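Remarks on the structure that follows.
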Amino acid sequence: MAYIVKPLVTEKMTGITEKQNKFGFIVRPEANKLQIKAEVEATYGVTVTDVNTSIYAGKNKSRYTRAGLLKGRTNAFKKAIVTVKEGETIDFYSNI
C-alpha cells in the first residue's frame, strides 16, 4: 500500500529544503511515521533520520459571486516533513 500521495513542492517547502535538508510529502491519514520512513527510503534511495507529521483539518469557505453565495470545503490532509541524512538529497524532477 502506498502511503505517500505526492511530494509537497511549494515556495515555503523549497526554502526549508535548501536550508535544513527537509522534504515535504502529502501522505495518507492512516500512515504512521515508521511506514512513511520506510516508503521514502525505498522509493528515493535515501537515509531518513527524522519524520515529523501534522494533520490539517478541512475548512469551510464561501465566496460571493454574480450567481450568489457559493459554499464549499477545502480538503483535510496529513503532511509529513522528512529529514534526510546530511549530504543526501531527493530530486523530485528526475523522472518527469
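Annotation: residue 21 fulfils all but one of (1) touching a residue at least 60 places away in the same chain (Cβ under 8 Å); (2) touching a helix residue (DSSP H, G or I) at 6+ places or on another chain (Cβ under 7 Å); (3) among the polar types (S, T, N, Q); the unmet one is (2).
Put simply, of 55, 81 the only residue that is surrounded by fewer than 16 Cβ atoms within 10 Å (Cβ to Cβ) and touching a Lys or Arg at 6+ places or on another chain (Cβ under 8 Å) is 55. For the range 59-78, residues that are open to solvent by less than 80 Å² (accessible area, probe 1.4 Å) and within 26 Å of residue 39 (Cβ to Cβ) total 4. With respect to the conditions (1) in a helix (DSSP H, G or I); (2) open to solvent by less than 80 Å² (accessible area, probe 1.4 Å); (3) under 16 Å from residue 88 (Cβ atoms); (4) not small (Gly, Ala, Ser), residue 36 lacks only one, and its number is (3).
The values are calculated or read from the model by the stated rules, or taken from the named source; none is laboratory data. Model, not experiment: these values are computed from the prediction. Glycine also receives a Cβ, built like all others from the backbone with ideal geometry; neighbour counts cover every protein chain displayed. We work out accessible area using only protein heavy atoms, side chains counted, and drop any ligands, DNA or RNA first. Shrake-Rupley method; radii C 1.70, N 1.55, O 1.52, S 1.80 Å.
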